[in-house]
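**Student:** Please read through the structure below; I'll follow up with questions.
The values are calculated or read from the model by the stated rules, or taken from the named source; none is laboratory data. What you see is a predicted model; the values in this text were computed from it and never measured. Cβ placement follows ideal geometry from the backbone for every residue including glycine, while neighbour counts extend to all protein chains displayed. Heavy atoms of the whole protein, side chains included, go into the accessibility calculation; ligands, DNA and RNA do not. Shrake-Rupley method; radii C 1.70, N 1.55, O 1.52, S 1.80 Å.
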Amino acid sequence: MWAELAPIGRHRDSGGYRRYAWTGADGDCRDWFRAQAEARGLTLETDRNGNQWAWLGDPLAGDAVVTGSHLDSVPDGGAFDGPLGVVSSFAALDELRRRGVEFTKPLAITNFGDEEGARFGLACVGSRLAAGQLTVEAAHRLRDAEGVTLPQAMAAAGYDPDAIGPDPERLARIGAFVELHVEQGRALDLTGDPVGIASAIWPHGRWRFDFRGEANHAGTTRLTDRRDPMLTYAETVLAARREAELAGALATFGKIAVEPNGVNAIPSLVRGWLDSRAADQDTLDTVVAAVERAAREHAERAGIDLDVVRESFTPVVEFQHALRDELSTLLKGAAHGTGRPVPVLGTGAGHDAGILSASVPTAMLFVRNPTGISHSPAEHAAEDDCVAGVTALADVLEGLACR
Ligand code: HGY
Ligand code: MN
Ligand code: MN
């Protein structure tokens, strides 16, 4: 399965993945998902928002146990973020069939669309739409860097953008959603565990800073005559790092767009995107407010116009304690190579499970990432740890859905 998925959307020079929502690579990933579902005799459904569901048993029976993740990537992302959860879900089903278990509840494996928000800027579009956390109007307003809107992109991929919307009946039929995901930090590497259980997801968001100055000639405009937005942007990036350090939080300016983006032209506009995260909402609010204040002070002094727009936001997620503890119980003991309880850990990375936790009981399993590197072609997990993840997921699914 892994070998068939690996080449899809992989960039030949960077080795990273460019599987953006509703592009050809996304379509190829969806075709791969369909083939895996059909090869296992599962009934494939694509819901109104384009999320894929591979069912074993009657989807309408209710109290379903659902597992899965996403297949889309960040620009030049790694092979594991998302795909490890989907491949492990199919592999765990294969393992359960080998064990000869009898399912007492419907089981579904999912591929949630556009989890990374790499193309349209909003994270978890597929699961947010399903959970009613993104309005149809707001979704229709999303547009990519080329100005292509989400409806245009969906239609071009053969999906009906007017069909999207909340799916409460579908979510009401889910008894538990468990997402396996490669860890995007080094906690399990430090504790020496192949598998972990999620406790919480930090609150996090994305804010777009638009710095507007005055375009001019780089070779003839005196420094004192300039209104250069790049300087104000640079001051803001440094302020973000300072404020995050002060607060023990995280702040990243990882994406920038410059107009006109000419080597010999003073920019008229610099757009910078801030990704900020913190263990609690107050800290996050404090950091973002401090960064915006610093940006406005610098802009004021330099005669630069500034607009700040919050483009994506996810409040803190505390995974449901009963399900979290049930996973701990199901994974107790030497079955997972260490003989001690599987560690429970928080994360700063967002996931579909985090979005769905507002609607259904959800839990997450993490697989050790020896370097902690993610959102990079260097992202890696050892095969033994991935197998331990499949075994753990199979144990969890057996405990939740089988006699
Ligand atoms: O940004 C995140 O935390 C996730 O990878 N979407
Ligand atoms: Mn990711
Ligand atoms: Mn992910």
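**Student:** From the list 393, 330, which one is of a type outside the set (Val, Ile, Thr), assigned by TED's automatic domain parsing to the domain that holds residue 76, open to solvent by less than 50 Å² (accessible area, probe 1.4 Å) and away from ligand 2 (no atom under 16 Å from the Cβ)?
**Tutor:** 393 is the lone residue from the list that is of a type outside the set (Val, Ile, Thr), assigned by TED's automatic domain parsing to the domain that holds residue 76, open to solvent by less than 50 Å² (accessible area, probe 1.4 Å) and away from ligand 2 (no atom under 16 Å from the Cβ).
**Student:** Looking at the structure I just gave you, is residue 13 modelled with pLDDT of 95 or more, farther than 27 Å from residue 388 by Cα and in contact with a Pro (Cβ under 6 Å, 6 or more places away or on another chain)?
**Tutor:** no
**Student:** Sort out which residues of region 164-223 are among the small types (Gly, Ala, Ser), within 16 Å of ligand 3 (Cβ to nearest atom) and buried (at least 21 other Cβ atoms within 10 Å of the Cβ), and write them in order of number.
**Tutor:** The answer is 196, 198.
**Student:** For residue 376, only one of the following conditions fails: (1) within 16 Å of ligand 2 (Cβ to nearest atom); (2) not assigned by TED's automatic domain parsing to the domain that holds residue 49. What is its number?
**Tutor:** It is condition (2) that residue 376 fails.
**Student:** While we're looking at this one, here's another question. Say we look at region 76-96 and pick out the residues that are part of a helix (DSSP H, G or I) and open to solvent by 10 Å² or more (accessible area, probe 1.4 Å); which of these is farthest from residue 31 (Cα to Cα)?
**Tutor:** 95
**Student:** Quick one: is residue 175 out of contact with any helix residue (DSSP H, G or I) (no Cβ under 7 Å at 6 or more places or on another chain), at pLDDT 95 or above, over 29 Å from residue 361 (Cβ atoms) and of a type in the set (Gly, Ala, Ser)?
**Tutor:** no
**Student:** Say whether the condition of being under 24 Å from residue 166 (Cα atoms), buried (at least 22 other Cβ atoms within 10 Å of the Cβ) and in contact with a Pro (Cβ under 7 Å, 6 or more places away or on another chain) is met by at least one residue in region 19-42.
**Tutor:** no
**Student:** Here is a further query. Is there a residue in region 181-198 that is within 16 Å of ligand 2 (Cβ to nearest atom) and among the acidic types (Asp, Glu)?
**Tutor:** Yes: region 181-198 contains one or more residues that are within 16 Å of ligand 2 (Cβ to nearest atom) and among the acidic types (Asp, Glu).
Every residue, every condition in (1) among the basic types (Lys, Arg); (2) within 15 Å of ligand 1 (Cβ to nearest atom); (3) within 27 Å of residue 108 (Cβ to Cβ), yes or no:
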position	(1), (2), (3)
287	no, no, no
311	no, yes, no
342	no, no, yes
357	no, yes, yes
360	no, no, yes
387	no, no, yes
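**Student:** Okay, moving on. Among the listed residues 14, 73, 69, which satisfies the condition of being open to solvent by 20 Å² or more (accessible area, probe 1.4 Å) and either over 25 Å from residue 401 (Cβ atoms) or part of a strand (DSSP E or B) (or both)?
**Tutor:** 14 is the lone residue from the list that is open to solvent by 20 Å² or more (accessible area, probe 1.4 Å) and either over 25 Å from residue 401 (Cβ atoms) or part of a strand (DSSP E or B) (or both).
**Student:** Inspect all residues belonging to region 357-380 and state whether any of them is part of a helix (DSSP H, G or I) and either surrounded by 16 or more Cβ atoms within 10 Å (Cβ to Cβ) or free of Cβ contacts under 8 Å to residues at least 12 places away in the same chain (or both). Step through it out loud before you land on a result.
**Tutor:** First, pick out the residues of region 357-380 that are part of a helix (DSSP H, G or I): none.
No, region 357-380 contains no residue that is part of a helix (DSSP H, G or I) and either surrounded by 16 or more Cβ atoms within 10 Å (Cβ to Cβ) or free of Cβ contacts under 8 Å to residues at least 12 places away in the same chain (or both).
**Student:** So which of 77, 82 ends up being within 16 Å of ligand 2 (Cβ to nearest atom), out of contact with any Gly (no Cβ under 8 Å at 6 or more places or on another chain) and closer than 23 Å to residue 120 by Cα? Walk me through how you get there before you give the answer.
**Tutor:** Working: 77 fails: out of contact with any Gly (no Cβ under 8 Å at 6 or more places or on another chain).
Of the residues listed, the single one that is within 16 Å of ligand 2 (Cβ to nearest atom), out of contact with any Gly (no Cβ under 8 Å at 6 or more places or on another chain) and closer than 23 Å to residue 120 by Cα is 82.
**Student:** Could I ask something else about it? Among the residues of region 102-132, how many are open to solvent by 30 Å² or more (accessible area, probe 1.4 Å) and in contact with a helix residue (DSSP H, G or I) (Cβ under 6 Å, 6 or more places away or on another chain)?
**Tutor:** 2
**Student:** The conditions are (1) touching a residue at least 12 places away in the same chain (Cβ under 8 Å); (2) part of a loop (DSSP other than H, G, I, E, B), and residue 36 fails exactly one of them. Which is it?
**Tutor:** (2)
**Student:** Pairs needed: first member in region 234-258, assigned by TED's automatic domain parsing to the domain that holds residue 271 and open to solvent by 50 Å² or more (accessible area, probe 1.4 Å); second member anywhere, charged (D, E, K, R) and not in a helix (DSSP H, G or I); C-beta distance under 8 Å; at least 6 residues apart or different chains.
**Tutor:** If the second residue must be charged (D, E, K, R) and not in a helix (DSSP H, G or I), the pairs left are 250/275; 250/277; 252/275; 254/275; 256/271.
**Student:** Being away from ligand 2 (no atom under 16 Å from the Cβ), more than 16 Å from the chain's Cα centre (by Cα) and in a helix (DSSP H, G or I) narrows it down to one residue among 323, 306; which is it? Outline the logic, then answer.
**Tutor:** On the way: 306 fails: in a helix (DSSP H, G or I).
After ruling out the rest, the residue left standing is 323.
**Student:** Just one of 271, 277, 324 is under 30 Å from residue 392 (Cα atoms), outside the structural domain of residue 389 (by TED's automatic domain parsing) and buried (at least 17 other Cβ atoms within 10 Å of the Cβ); which is it?
**Tutor:** 277
**Student:** Quick one: is residue 317 within 16 Å of ligand 3 (Cβ to nearest atom), modelled with pLDDT of 95 or more, of a type in the set (A, V, I, L, M, F, W, C) and out of contact with any Leu (no Cβ under 7 Å at 6 or more places or on another chain)?
**Tutor:** yes
**Student:** Would you check which residues across region 53-66 are over 18 Å from residue 393 (Cβ atoms) and open to solvent by less than 50 Å² (accessible area, probe 1.4 Å) and list them? Steps first, answer last, please.
**Tutor:** If we filter region 53-66 for residues that are over 18 Å from residue 393 (Cβ atoms), which is where we start, we get 58-63.
Within region 53-66, 59, 62 qualify.
**Student:** Still on this model: Inspect region 137-151 for any residue being surrounded by 21 or more Cβ atoms within 10 Å (Cβ to Cβ), touching a strand residue (DSSP E or B) at 6+ places or on another chain (Cβ under 7 Å), modelled with pLDDT of 95 or more and assigned to a strand (DSSP E or B) and give the result as yes or no.
**Tutor:** No, there is no match, as no residue in region 137-151 is surrounded by 21 or more Cβ atoms within 10 Å (Cβ to Cβ), touching a strand residue (DSSP E or B) at 6+ places or on another chain (Cβ under 7 Å), modelled with pLDDT of 95 or more and assigned to a strand (DSSP E or B).
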